[in-house]
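Trainee: Got a structure for you, written out below as structure tokens; questions coming shortly.
Read the figures in this text as sums done on the coordinates, not as results from a lab. These numbers come from a predicted model, not from an experiment. As a convention, Cβ positions derive from the backbone with ideal geometry for all residues, glycine included, and neighbour counts pool all protein chains shown.
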Amino acid sequence: MAIEKDLTIAKQNMKMVTRTVDLRSDTVTKPSEAMRAAMVNADVDDDVLGADPTAVRFEEEMARTMGKEAALFVPSGTMGNLISVLVHCDVRGSEVILGENSHINIYENGGISTVGGVHSRTVKNNEDGTMDIGLIEAAIRHPEGELYYPTTRLICLENTHANCGGRCISVEYTDEVGELAKKHGLKLHIDGARIFNASIALGVPVHRLVQAADSVSVCLSKGLGAPVGSVIVGSTTFIAKAKRLRKTLGGGMRQIGILCAAALVGLHENVSKLEGDHRKAKTFADGLNQIKGLRVDSSTVETNLVFFDVLKSSNIVVYELCKVLEENGILVMPVSSSSIRIVLHHQISESDVHYTLSSIQQAMIQLKAEQNGK
């Protein structure tokens, strides 16, 4: 009787859901009214011809912000990373050293090898997203072996490191990798999809955080909330080569000032909101730890990503939990048979956080009651 009562209450509570809370990624944000207005009113021309004034203004501002000579708007972060790797590794058979758990290695279709003929040499990522300096240096090919080995030309870092929970890579570590790259005549690229999150969390200006890098990619459609695009920054020579590759890959678009106008609004208005996203992520992690059957290591929640485990002892199946939540307006992303990822962004309110925590707790009760009722 008690089991049936718990199940009935849980189902009744879940049926009362009247809103959607989308926590799958910070890429799901909708353009703000200010962004939509800026897009409508953007002064545009043909960017492939180098004539779009809004694109030029945006790229110049991003270059200044990142402390680099020049910048280039690209349709996506994957293209931005691909172009950057190919500029630095412009001889087929080159090799890049990168983390085994990095976005470039796992989630970008193997583009650097299939498109660019670049070989990946992976190094184990530590839990905080770094790679041991000694392991990086050991992975660099010795020039005397060039008859047999690929030629190492590039090291890639990721900041924040998504698969490691949105952890921040410190300026001290980045500088150390930069010095190692220089010592061996290599280049350093940073996949900075969420570099502004790292800057805010660490309290380090973004230009200082990437000072050691020869190139950086920055996603505009994550924490900055723009609808489309990324930007890559580097030297004037690097960007000139990148622009040619962008055209080759089909990323040369015409009146992109419409998109750059929205990105400018994100840069001006949403960077300051990232601190709130990080605070809400901490609140979320602490709340999840209060729900029986779930676990989060709150000390690893540094920015806007939270990975939580569904304990084996709960006998709850991750995909069943996600399904129940989705049916009731809560969208999350399963990342394994025992883990779920949620991502905070500026369109998730404090109320949404508490509402979601309550919904997750009710879903756990419902699934447990259904188990016990079998």
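Trainee: Note the angle between two axes, namely the Cα long axis of helix 53-66 and the longest principal axis of the Cα atoms of the chain, as a number of degrees from 0 to 90, rounded to the nearest 10.
Mentor: 80 degrees
Trainee: If you don't mind, there's one more thing I want to ask. Let me know the whole percent of all Cα-Cα pairs from the stretch 216-374 that are separated by more than 27 Å.
Mentor: So the portion of pairs separated by more than 27 Å is 41 percent.
Trainee: Taking the dipole about the Cα centre of the chain, with the C-beta of Lys and Arg at +1 and of Asp and Glu at -1, give me whichever of S272, S336, S84 is farthest to the positive side.
Mentor: Selected residue: S336.
Trainee: Using 1/(1 + (r/R0)^6) with R0 = 41 angstrom and r between the beta carbons of H354 and R208, what's the FRET efficiency to the nearest 0.05? Provide the component values of the computation, followed by the final result.
Mentor: Details: r = 36 Å, r/R0 = 0.88.
Result of the calculation: an efficiency of 0.70.
Trainee: Something else: From the residues Q255, L188, L23, which one has its Cα farthest along the dipole of the chain in the positive direction, the dipole being from +1 and -1 charges on Cβ of Lys/Arg and Asp/Glu about the Cα centre?
Mentor: In the chain, that residue is L23.
Trainee: If you don't mind, another one. In percent, what relative contact order does the chain have, based on Cα pairs under 8 Å that are 6 or more apart in sequence?
Mentor: 25 percent
Trainee: Can you give the log10 of the normalised intensity I(q)/I(0) at q = 0.12, 0.17, 0.20 Å⁻¹, computed with Debye over equal Cα scatterers of the stretch 150-279?
Mentor: Rounded to two decimals, the profile gives -0.50, -0.98, -1.24.
Trainee: Also: Please get the size of the charge dipole for the stretch 23-88, origin at its Cα centre, with Cβ charges of +1 on Lys and Arg and -1 on Asp and Glu, quoted in debye to the nearest 20.
Mentor: It comes to approximately 400 debye.
Trainee: Separation between the E179 and T20 pseudo-spin-labels, each 7 Å from Cα along Cα→Cβ, expressed in nm?
Mentor: Going by the 7 Å Cα→Cβ label model, 5.0 nm.
Trainee: Along the three principal axes, how long is the stretch 303-374 when you take its alpha carbons, biggest first, rounded to the nearest angstrom?
Mentor: 41, 22, 17
Trainee: Packing-wise, with mean Cβ within 10 Å as the measure, how do 79-89, 196-206, 37-47 rank, highest first?
Mentor: Highest-to-lowest ranking by the protection proxy: 79-89, 196-206, 37-47.
Trainee: I've got another one for you. Under the rule of at least 5 residues apart or a separate chain, name every residue whose amide H is placed under 5 Å from the amide H of S230.
Mentor: Correct list: V74, S76, L220.
Trainee: While we're on this one: Using the crude model of +1 on Lys and Arg Cβ and -1 on Asp and Glu Cβ, and no other charge, please compute the dipole size for the chain relative to its Cα centre, in debye to 20.
Mentor: 640 debye
Trainee: To continue, here is another question. Report the FRET efficiency, 1/(1 + (r/R0)^6), for E320 and R57, where r is their Cβ-Cβ distance and R0 is 45 Å, rounded to 0.05.
Mentor: The pair E320/R57 has a calculated efficiency of 0.35.
Trainee: Still on this structure: Ratio of Rg to Rh for the stretch 221-307, alpha carbon only, Kirkwood?
Mentor: Ratio value, two decimals: 1.17.
Trainee: On to the next question. How much net charge surrounds E179 when only other residues with a Cβ under 12 Å from its Cβ are counted (Lys, Arg +1; Asp, Glu -1)?
Mentor: Details: positive: K182, K183; negative: E137, E172, D175, E176.
Charge balance near E179 sits at -2.
Trainee: Show me the ranking of peptides 340-349, 218-227 by mean Cβ neighbours inside 10 Å, starting with the highest.
Mentor: Ranked by mean Cβ neighbours within 10 Å, highest first: 218-227, 340-349.
Trainee: Report, to the nearest 10°, how far helix 257-269 tilts away from the longest principal axis of the Cα atoms in the chain, using its own Cα long axis and a range of 0 to 90°.
Mentor: Helix 257-269 sits at roughly 60 degrees to that axis.
Trainee: Residues of the stretch 66-83 with backbone nitrogen within less than 19 Å of a virtual label 7 Å along the Cα-to-Cβ line of D46, please, listed as ranges.
Mentor: 73
Trainee: Further question on the same structure: For the stretch 121-162, what is one quarter of the convex hull surface built on the Cα atoms, given in nm²?
Mentor: 3.3 nm²
Trainee: How compact and how long is the chain, expressed as Rg and Dmax of its alpha-carbon atoms in Å?
Mentor: Taking only Cα atoms of the chain, I get Rg and Dmax of 22.4, 76 Å.
Trainee: Starting with the highest mean, order 181-190, 150-159 by the number of other Cβ atoms within 10 Å, averaged over the residues of each peptide.
Mentor: 150-159, 181-190
Trainee: Hey, another quick one. Can you figure out the FRET efficiency of L249 with E137, using R₀ = 25 Å and their beta-carbon distance, to the nearest 0.05?
Mentor: So, using R0 = 25 Å, E works out to roughly 0.20.
Trainee: Let me ask another. Put +1 on the Cβ of every Lys and Arg and -1 on every Asp and Glu Cβ in the chain; which of T151, N126, P205 then has its Cα farthest towards the positive end of the dipole?
Mentor: Positive-most Cα among the choices belongs to N126.
Trainee: Which percentage, to the nearest 5, of the DSSP beta bridges contained in the chain is antiparallel?
Mentor: 50 percent
Trainee: Obtain the nm distance between the two label points defined at N109 and E144 by a simple spin-label model: each point lies 7 Å from its Cα along the Cα-to-C-beta direction.
Mentor: That separation, rounded to one decimal, is 4.2 nm.
Trainee: Additional query: Starting from 0.36 nm per residue, how many nanometres of slack lie between E33 and N289 once their C-alpha separation is accounted for? Could you put the intermediate results ahead of the total?
Mentor: Values: separation 256, 0.36 × 256 = 92.16 nm, distance 3.61 nm.
Going from the current span to full extension adds 88.6 nm.
Trainee: Okay, next question. Return the subset of K30/K182; K68/K222; K222/K323; K182/K241 for which the Cα-Cα distance in this structure is over 31 Å, preserving the input order. Walk me through the numbers on the way to the answer.
Mentor: On the way: K30/K182 41 Å; K68/K222 21 Å; K222/K323 25 Å; K182/K241 21 Å.
Pairs exceeding 31 Å: K30/K182.
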